[in-house]
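The values are calculated or read from the model by the stated rules, or taken from the named source; none is laboratory data. Source: prediction; values computed, not measured. Positions of Cβ are generated from backbone atoms using ideal geometry, with glycine treated the same way; all protein chains shown enter the neighbour counts. These accessible areas exclude ligands, DNA and RNA; they are computed on the full protein's heavy atoms, side chains included. Shrake-Rupley method; radii C 1.70, N 1.55, O 1.52, S 1.80 Å.
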Amino acid sequence: MSIQMSGTKPKAVTGSLISFENVSKTFELADRSVAAVENVSLNIKRGEFVVLVGPSGCGKSTLLNMTAGLFLPTSGRVFYDGTLVTGYNLKTGYMTQNDHLLPWRDVVGNISTPLEIRGMARGERHDRVAHLIELVGLVGFEKSYPSQLSGGMRKRTALARLLAYDPETLLLDEPFAALDAQLRLNMQIELLRISRSLNKTILFVTHDLDEAVALSDRAVVFTARPGRIRQISDTPLPRQRDLAGLRRDPAYTRMTAELWDLIMPTLNETRGEAS
Ligand SMILES: Nc1ncnc2c1ncn2[C@@H]1O[C@H](COP(=O)(O)OP(=O)(O)O)[C@@H](O)[C@H]1O
Ligand SMILES: [Mg+2]
(Lines give C-alpha, C1' and ligand atoms only; values in the text may rest on other atoms or scores of the structure.)
(Ligands and ions follow the chains in the order given, each with its own letter.)
Protein backbone atom coordinates (compact mmCIF):
# COMPACT_ATOMS: atom_id res chain seq x y z
CA MET A 1 0.00 0.00 0.00
CA SER A 2 1.33 3.46 -0.76
CA ILE A 3 -0.02 6.93 -0.10
CA GLN A 4 -3.62 6.98 -1.19
CA MET A 5 -5.77 9.83 -2.30
CA SER A 6 -9.02 10.41 -0.47
CA GLY A 7 -12.25 11.56 -2.06
CA THR A 8 -11.55 15.21 -1.37
CA LYS A 9 -9.04 16.80 -3.68
CA PRO A 10 -5.82 17.30 -1.73
CA LYS A 11 -4.41 20.76 -1.54
CA ALA A 12 -0.69 21.09 -2.15
CA VAL A 13 1.07 23.50 0.16
CA THR A 14 3.54 25.20 -2.14
CA GLY A 15 7.14 24.43 -1.28
CA SER A 16 6.28 21.95 1.49
CA LEU A 17 7.07 18.27 1.45
CA ILE A 18 5.23 17.48 4.70
CA SER A 19 2.27 19.52 5.92
CA PHE A 20 0.32 19.07 9.12
CA GLU A 21 -2.90 21.00 8.77
CA ASN A 22 -4.64 21.59 12.08
CA VAL A 23 -3.92 18.01 13.15
CA SER A 24 -5.34 16.53 16.36
CA LYS A 25 -5.16 12.93 17.53
CA THR A 26 -7.09 11.38 20.38
CA PHE A 27 -6.66 7.74 21.35
CA GLU A 28 -9.79 6.01 22.59
CA LEU A 29 -8.90 3.52 25.30
CA ALA A 30 -11.31 1.17 27.05
CA ASP A 31 -11.81 3.46 30.04
CA ARG A 32 -10.74 6.92 28.82
CA SER A 33 -9.61 9.04 25.89
CA VAL A 34 -6.11 10.39 25.60
CA ALA A 35 -5.67 13.57 23.60
CA ALA A 36 -2.12 13.18 22.28
CA VAL A 37 -1.77 16.22 19.99
CA GLU A 38 -4.02 19.18 19.34
CA ASN A 39 -4.27 21.63 16.44
CA VAL A 40 -0.80 21.09 15.07
CA SER A 41 -0.03 23.02 11.89
CA LEU A 42 3.47 22.72 10.51
CA ASN A 43 5.04 22.82 7.05
CA ILE A 44 8.35 21.11 6.35
CA LYS A 45 10.34 21.82 3.22
CA ARG A 46 12.17 19.23 1.15
CA GLY A 47 15.71 18.76 2.47
CA GLU A 48 14.93 20.37 5.81
CA PHE A 49 16.11 18.93 9.14
CA VAL A 50 13.32 19.56 11.64
CA VAL A 51 13.59 18.49 15.27
CA LEU A 52 10.56 17.96 17.55
CA VAL A 53 11.10 18.53 21.26
CA GLY A 54 8.73 18.53 24.20
CA PRO A 55 7.91 16.70 27.41
CA SER A 56 7.41 12.96 27.36
CA GLY A 57 3.93 11.97 26.16
CA CYS A 58 3.25 15.21 24.26
CA GLY A 59 2.66 13.33 21.00
CA LYS A 60 5.99 13.58 19.16
CA SER A 61 6.01 9.90 18.16
CA THR A 62 2.34 10.20 17.26
CA LEU A 63 3.21 12.92 14.73
CA LEU A 64 5.90 10.70 13.17
CA ASN A 65 3.44 7.81 13.03
CA MET A 66 0.89 9.96 11.21
CA THR A 67 3.58 11.07 8.74
CA ALA A 68 4.36 7.41 8.07
CA GLY A 69 0.62 6.77 7.69
CA LEU A 70 0.62 4.22 10.53
CA PHE A 71 -2.41 5.95 11.91
CA LEU A 72 -4.61 8.81 10.86
CA PRO A 73 -5.44 12.07 12.61
CA THR A 74 -8.72 12.29 14.51
CA SER A 75 -9.18 15.67 12.86
CA GLY A 76 -7.09 17.77 10.49
CA ARG A 77 -4.97 16.48 7.63
CA VAL A 78 -1.43 15.35 6.91
CA PHE A 79 -0.10 15.92 3.39
CA TYR A 80 3.01 14.40 1.90
CA ASP A 81 4.26 16.02 -1.28
CA GLY A 82 0.82 17.49 -1.88
CA THR A 83 -1.04 14.21 -1.37
CA LEU A 84 -3.26 13.44 1.59
CA VAL A 85 -1.74 10.64 3.68
CA THR A 86 -4.38 7.95 4.19
CA GLY A 87 -2.27 4.76 4.24
CA TYR A 88 1.32 3.60 4.62
CA ASN A 89 3.60 6.34 3.33
CA LEU A 90 6.34 4.43 1.52
CA LYS A 91 8.35 7.59 0.93
CA THR A 92 9.31 7.55 4.60
CA GLY A 93 11.67 5.31 6.57
CA TYR A 94 11.53 4.90 10.34
CA MET A 95 14.27 4.44 12.92
CA THR A 96 13.70 4.26 16.67
CA GLN A 97 15.78 3.92 19.80
CA ASN A 98 15.63 0.14 19.44
CA ASP A 99 17.61 -0.85 16.34
CA HIS A 100 15.75 -4.16 15.76
CA LEU A 101 18.75 -5.81 14.07
CA LEU A 102 18.39 -9.50 13.25
CA PRO A 103 20.82 -11.28 15.63
CA TRP A 104 21.33 -14.24 13.27
CA ARG A 105 22.43 -12.09 10.32
CA ASP A 106 25.79 -10.33 10.00
CA VAL A 107 26.15 -6.65 9.07
CA VAL A 108 25.86 -7.35 5.33
CA GLY A 109 22.85 -9.62 5.92
CA ASN A 110 21.07 -7.04 8.06
CA ILE A 111 21.61 -4.19 5.61
CA SER A 112 20.57 -6.28 2.62
CA THR A 113 17.34 -7.58 4.19
CA PRO A 114 15.11 -4.82 2.74
CA LEU A 115 16.73 -5.22 -0.67
CA GLU A 116 16.10 -8.96 -0.62
CA ILE A 117 12.47 -8.35 0.33
CA ARG A 118 12.21 -5.96 -2.58
CA GLY A 119 13.62 -8.66 -4.88
CA MET A 120 16.76 -6.82 -5.95
CA ALA A 121 19.20 -8.99 -7.97
CA ARG A 122 22.22 -10.34 -6.08
CA GLY A 123 24.83 -8.34 -8.00
CA GLU A 124 23.05 -5.03 -7.64
CA ARG A 125 22.37 -5.80 -3.98
CA HIS A 126 26.03 -6.51 -3.34
CA ASP A 127 27.09 -3.17 -4.85
CA ARG A 128 24.45 -1.23 -2.99
CA VAL A 129 25.29 -2.81 0.38
CA ALA A 130 29.02 -2.22 -0.17
CA HIS A 131 28.29 1.44 -0.91
CA LEU A 132 26.14 1.79 2.22
CA ILE A 133 28.77 0.12 4.39
CA GLU A 134 31.30 2.65 3.20
CA LEU A 135 28.83 5.52 3.67
CA VAL A 136 28.23 4.73 7.35
CA GLY A 137 31.84 3.80 8.10
CA LEU A 138 31.50 0.04 8.69
CA VAL A 139 34.21 -1.21 6.32
CA GLY A 140 35.97 -4.17 7.99
CA PHE A 141 32.86 -5.19 9.98
CA GLU A 142 30.87 -6.77 7.14
CA LYS A 143 30.92 -10.24 8.70
CA SER A 144 30.30 -9.19 12.30
CA TYR A 145 27.07 -10.15 14.05
CA PRO A 146 25.07 -7.61 16.09
CA SER A 147 26.27 -9.17 19.38
CA GLN A 148 29.86 -8.46 18.32
CA LEU A 149 29.21 -4.78 17.57
CA SER A 150 29.42 -1.72 19.82
CA GLY A 151 26.28 0.39 20.35
CA GLY A 152 27.55 2.93 17.81
CA MET A 153 28.19 0.27 15.19
CA ARG A 154 24.75 -1.21 15.71
CA LYS A 155 23.29 2.25 15.06
CA ARG A 156 25.40 2.58 11.92
CA THR A 157 24.11 -0.79 10.74
CA ALA A 158 20.51 0.25 11.44
CA LEU A 159 21.06 3.56 9.64
CA ALA A 160 22.54 1.78 6.60
CA ARG A 161 19.59 -0.63 6.55
CA LEU A 162 17.20 2.33 6.69
CA LEU A 163 19.06 4.01 3.82
CA ALA A 164 18.93 0.78 1.81
CA TYR A 165 15.24 1.49 1.21
CA ASP A 166 16.32 4.92 -0.06
CA PRO A 167 13.40 6.68 1.61
CA GLU A 168 12.98 10.32 0.70
CA THR A 169 12.23 11.26 4.31
CA LEU A 170 13.77 9.82 7.45
CA LEU A 171 11.61 9.68 10.57
CA LEU A 172 14.04 9.32 13.45
CA ASP A 173 12.53 8.79 16.89
CA GLU A 174 15.17 9.32 19.58
CA PRO A 175 17.54 7.14 17.56
CA PHE A 176 20.66 7.91 19.61
CA ALA A 177 19.09 8.13 23.09
CA ALA A 178 20.73 4.93 24.30
CA LEU A 179 24.27 5.91 23.27
CA ASP A 180 26.90 7.47 25.52
CA ALA A 181 27.91 11.07 24.81
CA GLN A 182 30.93 10.31 22.61
CA LEU A 183 29.15 7.75 20.42
CA ARG A 184 26.13 10.02 20.16
CA LEU A 185 28.31 12.88 18.91
CA ASN A 186 29.90 10.57 16.31
CA MET A 187 26.49 9.42 15.10
CA GLN A 188 25.20 13.00 14.95
CA ILE A 189 28.18 14.01 12.81
CA GLU A 190 27.61 11.02 10.50
CA LEU A 191 23.87 11.64 10.26
CA LEU A 192 24.33 15.31 9.31
CA ARG A 193 26.97 14.42 6.72
CA ILE A 194 24.87 11.64 5.19
CA SER A 195 21.58 13.53 5.23
CA ARG A 196 23.16 16.51 3.49
CA SER A 197 24.99 14.45 0.89
CA LEU A 198 21.83 12.46 0.06
CA ASN A 199 19.55 15.51 0.41
CA LYS A 200 17.19 13.71 2.80
CA THR A 201 14.34 15.41 4.60
CA ILE A 202 14.48 14.62 8.30
CA LEU A 203 11.94 14.69 11.07
CA PHE A 204 13.86 13.94 14.25
CA VAL A 205 12.49 13.50 17.78
CA THR A 206 14.69 13.96 20.82
CA HIS A 207 14.54 14.67 24.55
CA ASP A 208 18.00 16.17 24.37
CA LEU A 209 17.91 19.93 23.77
CA ASP A 210 21.63 20.09 22.94
CA GLU A 211 21.00 17.50 20.24
CA ALA A 212 17.93 19.42 19.02
CA VAL A 213 19.94 22.59 18.43
CA ALA A 214 23.05 20.84 17.13
CA LEU A 215 21.22 19.00 14.35
CA SER A 216 18.28 21.14 13.35
CA ASP A 217 17.49 23.75 10.75
CA ARG A 218 14.38 24.39 12.85
CA ALA A 219 13.28 23.16 16.25
CA VAL A 220 9.59 22.77 17.07
CA VAL A 221 8.81 22.99 20.78
CA PHE A 222 5.62 21.35 22.05
CA THR A 223 3.58 21.93 25.20
CA ALA A 224 2.80 19.07 27.57
CA ARG A 225 0.00 16.70 26.46
CA PRO A 226 -2.02 17.32 24.48
CA GLY A 227 0.94 18.57 22.48
CA ARG A 228 0.38 21.90 20.81
CA ILE A 229 3.12 23.88 19.10
CA ARG A 230 4.56 26.27 21.64
CA GLN A 231 7.27 27.77 19.46
CA ILE A 232 9.13 27.17 16.22
CA SER A 233 12.74 28.36 16.31
CA ASP A 234 15.05 28.82 13.35
CA THR A 235 18.42 27.47 14.40
CA PRO A 236 20.96 30.28 14.03
CA LEU A 237 23.79 28.04 12.83
CA PRO A 238 25.17 27.48 9.33
CA ARG A 239 24.20 24.22 7.62
CA GLN A 240 27.85 23.23 7.51
CA ARG A 241 28.66 23.12 11.20
CA ASP A 242 31.36 21.73 13.43
CA LEU A 243 29.36 19.68 15.94
CA ALA A 244 32.38 19.01 18.16
CA GLY A 245 33.04 22.75 18.58
CA LEU A 246 29.44 23.94 19.09
CA ARG A 247 29.75 24.41 22.84
CA ARG A 248 31.99 27.39 22.21
CA ASP A 249 29.47 28.99 19.82
CA PRO A 250 27.41 31.69 21.60
CA ALA A 251 24.48 31.30 19.15
CA TYR A 252 24.29 27.59 20.06
CA THR A 253 24.49 28.25 23.79
CA ARG A 254 21.82 30.95 23.56
CA MET A 255 19.32 28.80 21.68
CA THR A 256 19.88 25.81 23.97
CA ALA A 257 19.25 28.01 27.02
CA GLU A 258 16.13 29.46 25.38
CA LEU A 259 14.71 25.97 24.75
CA TRP A 260 15.47 24.97 28.35
CA ASP A 261 13.57 27.99 29.66
CA LEU A 262 10.58 27.03 27.50
CA ILE A 263 10.55 23.34 28.34
CA MET A 264 11.58 23.23 32.01
CA PRO A 265 8.25 24.51 33.39
CA THR A 266 6.28 21.93 31.36
CA LEU A 267 8.27 18.84 32.33
CA ASN A 268 5.96 17.82 35.16
CA GLU A 269 2.69 18.76 33.51
CA THR A 270 0.26 16.33 31.94
CA ARG A 271 -3.14 17.36 30.84
CA GLY A 272 -5.87 16.16 28.57
CA GLU A 273 -6.57 12.76 30.08
CA ALA A 274 -10.30 12.57 30.58
CA SER A 275 -11.76 9.59 32.41
N1 LIG B 1 -1.29 3.49 19.89
C2 LIG B 1 -1.65 4.16 20.98
N3 LIG B 1 -2.74 3.81 21.70
C4 LIG B 1 -3.13 4.51 22.77
N5 LIG B 1 -2.48 5.59 23.26
C6 LIG B 1 -1.37 5.97 22.62
C7 LIG B 1 -0.89 5.29 21.45
N8 LIG B 1 0.23 5.92 21.01
C9 LIG B 1 0.45 6.93 21.87
N10 LIG B 1 -0.51 6.98 22.83
C11 LIG B 1 -0.63 7.96 23.90
O12 LIG B 1 -0.56 9.26 23.32
C13 LIG B 1 0.23 10.12 24.10
C14 LIG B 1 1.39 10.64 23.26
O15 LIG B 1 2.27 9.57 23.02
P16 LIG B 1 3.60 9.72 22.16
O17 LIG B 1 3.27 10.23 20.81
O18 LIG B 1 4.30 8.42 22.24
O19 LIG B 1 4.40 10.85 22.98
P20 LIG B 1 5.95 11.25 22.94
O21 LIG B 1 6.56 10.56 21.77
O22 LIG B 1 5.95 12.74 22.82
O23 LIG B 1 6.53 10.81 24.25
C24 LIG B 1 0.69 9.31 25.31
O25 LIG B 1 -0.21 9.56 26.37
C26 LIG B 1 0.55 7.89 24.85
O27 LIG B 1 0.30 7.02 25.92
MG1 LIG C 1 8.02 9.11 21.72
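Counting other Cβ atoms within 10 Å of each Cβ, which trypsin sites (Lys or Arg not before Pro) in region 66-165 have at most 15 and sit in a DSSP loop? Intermediate values should be presented prior to the final figure.
On the way: sites: Arg77, Lys91, Arg105, Arg118, Arg122, Arg125, Arg128, Lys143, Arg154, Lys155, Arg156, Arg161; in loops: Lys91, Arg105, Lys143.
Of the trypsin sites (Lys or Arg not before Pro), the ones in loops of region 66-165 whose Cβ has at most 15 other Cβ atoms within 10 Å are Arg105, Lys143.
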Quick tally, 1.4 Å probe accessible area for Ser75, Ser56, sorted with the most first, runs Ser56, Ser75
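What does the helix-only formula give at 222 nm for the chain: each DSSP H stretch with n ≥ 4 adding -39500 (n - 2.57), the total divided by the residues, and the result rounded to the nearest 500 deg cm²/dmol?
On the way: 7 runs with 86 residues, N = 275.
Per the formula, -10000 deg cm²/dmol.
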Centre separation in Å (Cα based) which lies between region 112-129 and region 42-95:
28 Å
Hey, could you get me the Stokes-Einstein D for region 145-275, Kirkwood radius over alpha-carbon pairs, 37 °C and 0.692 mPa s, rounded to whole µm² s⁻¹?
202 µm²/s
Averaged per residue, the 1.4 Å probe accessible area of the chain, protein heavy atoms only, in Å², is roughly 47 Å²
Antiparallel DSSP bridges in the chain: what percent, to the nearest 5?
55 percent
Calculate the spin-label point distance for Phe27 paired with Leu102, positioning each point 7 Å from the Cα along the beta-carbon direction, and give it in nanometres.
2.9 nm
Over all pairs of distinct alpha carbons, what does the Kirkwood formula give as the hydrodynamic radius of the chain, in Å?
19.6 Å
List, in order, the whole-Hz ³J(HN,Hα) value for each residue of region 24-34 obtained from phi through the Karplus relation with A = 6.51, B = -1.76, C = 1.60 and θ = phi - 60°; use x for Gly and Pro.
10, 9, 10, 8, 9, 9, 4, 10, 6, 10, 10
Once amide H atoms are placed 1.01 Å from N in the peptide plane, what residues at a sequence separation of 5 or more from Val37, or on another chain, have their amide H within under 5 Å of its amide H?
Lys25, Gly227
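In debye, nearest 20: dipole of the chain around its Cα centre with unit charges on the Cβ of K, R (+) and D, E (-)?
On the way: 33 positive and 30 negative charges, 94 e Å.
Charge dipole, the chain, about its Cα centre: 460 debye, nearest 20.
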So, in the chain, how many Lys pairs have Cα atoms under 28 Å apart, if the pair is 8 or more places apart or on different chains?
25
Karplus (6.51, -1.76, 1.60) ³J(HN,Hα), θ = phi - 60°, over region 92-99, in Hz, Gly and Pro reported as x:
10, x, 10, 9, 10, 4, 8, 7
Checked against the positive end of the charge dipole of region 101-166 (+1 on Cβ of Lys and Arg, -1 on Cβ of Asp and Glu, about the Cα centre), the farthest of Ser112, Gln148, Gly137 is Gln148
Which residue, chosen from Gln182, Ala35, Ile232, occupies the Cα position most advanced towards the positive end of the dipole of the chain, where the dipole is computed from +1 (Lys, Arg) and -1 (Asp, Glu) charges on Cβ about the Cα centre?
Ile232
How many angstrom separate the Cα center of region 185-199 from the Cα center of region 218-263?
18 Å
